[in-house]
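All remarks here apply to the structure that follows.
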Amino acid sequence: MTQHLLDQLRQICGAANVLTHDDPATDLSPWEQDWRKRVCGRALAVVRPGDTAQVAAVVKACAAVGTSIVPQGGNTGLVVGGVPNGSGSQIVLSMTRMNAVRAIDPANLTITVEAGCVLQNLQAAAEQAGFLFPLSLGAEGSCTIGGNLGTNAGGTQVVRYGNTRELCLGLEVVTAQGEVWHGLSGLRKDNTGYDLRNLMIGSEGTLGIITAATMKLYPLPAAQLTAWAAVPSMAAAVQLLGLAHKRLGPGLTGFEVMGQFALSLVDKHYPQLRVPLWQETPWCVLLENSDSESESHAREQFEALLEAALEQGYASDAVVAENLTQAKGLWHIRESITLAQATEGLNIKHDISIPVSRIPDFVAETDALLAREVPGVRMVDFGHLGDGNLHYNVQAPEGADGKAFLREFEDKVNTLVFDQVKRFGGSISAEHGVGEQKVHKLPHYKDPTALAMMRAVKQALDPQNLLNPGRVLA
Ligand code: FAD
Ligand code: 2HG
Ligand code: ZN
């Protein structure tokens, strides 16, 4: 039966696009190993369709024999959602061959792309046409728009433009039955029933396979300035955020916070990046001001904001990048924290959200709790403060064995942090999703009625449990 399925898949996609372990020269680990190297699954085959009709035919062939499918884009996900389990019986449906830009509609301010389009290529296509596609994250050189939609990715521009969901106007989706939903409308208003688009977004490949999307475009700003500020406390960072909202309005397009230990890791592993100000302050903040008028207008506004912040004690020092190269350098430091942390060793990641106003108390209380319960633990705190979204990450004590630390403490740390998140009215995942990593935690923290509705939706759309089983819902 397996051989028959593989033959069918080869007929649909071409033999070169169905990779299996039978060929000893083919290494499937790039599709089987997750980015964080937490899990290495085993696939029956990696299938690489070239168009939507092929995706639909693959799903029909798999559904006929009950073979489950793991959709995969750039495989940069951080919660074990896009790699196969260890059974050797799942198909990885790699979308990266479907990477075309199908259309740009300048008057409608939209771009329609296939799901496997790499985010950076989508940004470049928009820019070439004279527009901004604002979704931006550290993995943009390899993550795909299909994966961004699958996870409802956030990134560093959410404070102004919203998550991937807010940037999407239409989807083309292959259902679990292998039917195609043609939903690439590009409409900003459509009240003809249930919002299936938003249901698919963030469903992590468990409800349908996204094959293409129509995304919003924005005018390119006339100027974009970046500043780096040293702030004396998390409370001061929150006050600085309020001031930036007030002074810059919609010009505030980025507001990131970075703790001293997180920056010390960048300094340790990438000294050539020259992290500014970190040694003299517990927190640094990265701000971005996008201006539709001119660079001089942006600079004037930005410098006035920073002066006021210094006067009011919300910042103790600050620098504004002089040019684009300097600005890129500052953003590169911020985006290097994940890699620096990985180089330091295995760690526990959190992508929590809390109302911004409560973050200073959350951090103070939870830091103290963890220090008490897990002696020597090192906190790698950073993230999208403008969205109330923190990467409240936990590194093993200096010199400890990472694997042993995870074995002993991962569940305990997660429970301590998630209980605190619940107490503070937050969410246990604001960005990376549930995947396999949080699937057993979700029932403890999600409203039970919401969870029951999620199960009913899954049962209705994918009754055979073919699409990414064991992810999001156990
Ligand atoms: P994959 O990892 O391949 O898949 C992710 C999930 O989406 C899986 O569940 C998969 O089944 C599903 N999926 C993939 N393609 C499809 C499709 N076509 N249809 C349906 N489901 C699909 N995330 C953020 O939100 N913000 C950040 O700032 C951020 N920064 C990152 C920085 C680094 C260095 C790294 C390594 C990761 C970062 N991430 C961030 C996480 C990751 O990049 C995002 O989750 C991204 O959206 C995943 O895209 P991908 O194409 O790699 O998807
Ligand atoms: C980021 O904001 C990503 O850089 C990754 O969401 C966060 O490494 C992390 O924990
Ligand atoms: Zn993030």
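The values are calculated or read from the model by the stated rules, or taken from the named source; none is laboratory data. Predicted, not measured: the structure shown is a model, and the values here were computed from it. Counting neighbours? That spans all protein chains shown, and the Cβs are built from the backbone with ideal geometry, glycine included. Keep in mind that these areas ignore ligands, DNA and RNA; they rest on the heavy atoms of the full protein, side chains included. Shrake-Rupley method; radii C 1.70, N 1.55, O 1.52, S 1.80 Å.
So the values come out like this:
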{"read-out": "Qualifying positions in region 419-474 - among the basic types (K, R), more than 16 Å from ligand 3 (Cβ to nearest atom) and open to solvent by less than 70 Å² (accessible area, probe 1.4 Å)", "value": "K441, K458, R471"}
{"read-out": "Test: residue in region 359-381 that is within 16 Å of ligand 1 (Cβ to nearest atom), open to solvent by less than 30 Å² (accessible area, probe 1.4 Å) and either in a helix (DSSP H, G or I) or not aliphatic (A, V, I, L, M) (or both)", "value": "yes"}
{"read-out": "G254 being in contact (Cβ under 8 Å) with a residue 40 or more places away in the chain, surrounded by fewer than 23 Cβ atoms within 10 Å (Cβ to Cβ) and within 16 Å of ligand 1 (Cβ to nearest atom)", "value": "no"}
{"read-out": "Only one of L286, L263 that is closer than 17 Å to I337 by Cβ, open to solvent by less than 10 Å² (accessible area, probe 1.4 Å) and assigned to a helix (DSSP H, G or I)", "value": "L263"}
{"read-out": "Meets criteria (over 30 Å from G242 (Cβ atoms), in contact with a strand residue (DSSP E or B) (Cβ under 8 Å, 6 or more places away or on another chain) and open to solvent by 10 Å² or more (accessible area, probe 1.4 Å)) for E398", "value": "yes"}
{"read-out": "Residue within region 385-392 that is on the phi > 0 side of the Ramachandran plot, surrounded by 14 or more Cβ atoms within 10 Å (Cβ to Cβ) and touching a helix residue (DSSP H, G or I) at 6+ places or on another chain (Cβ under 6 Å) present", "value": "yes"}
{"read-out": "Criterion (touching a strand residue (DSSP E or B) at 6+ places or on another chain (Cβ under 8 Å), within 30 Å of E288 (Cα to Cα) and within 16 Å of ligand 3 (Cβ to nearest atom)) met by exactly one of G138, G74, G116", "value": "G74"}
{"read-out": "Residues within region 212-249 that are touching a Gly at 6+ places or on another chain (Cβ under 8 Å) and within 16 Å of ligand 1 (Cβ to nearest atom), tallied", "value": "2"}
{"read-out": "Test for E410: is it away from ligand 2 (no atom under 11 Å from the Cβ), at pLDDT 95 or above and either open to solvent by 60 Å² or more (accessible area, probe 1.4 Å) or aromatic (F, W, Y) (or both)", "value": "no"}
{"read-out": "2 or more residues β-branched (V, I, T): qualifying strands (runs of 3 or more DSSP E) within region 118-220", "value": "168-174, 209-216"}
{"read-out": "Residue pairs meeting the criteria (Cβ under 6 Å; at least 6 apart or on separate chains; first open to solvent by 40 Å² or more (accessible area, probe 1.4 Å), in region 27-42; second part of a helix (DSSP H, G or I) and modelled with pLDDT of 95 or more)", "value": "C40/E32"}
{"read-out": "Residue within region 164-187 that is at pLDDT below 95, open to solvent by 10 Å² or more (accessible area, probe 1.4 Å) and within 30 Å of T96 (Cβ to Cβ) present", "value": "yes"}
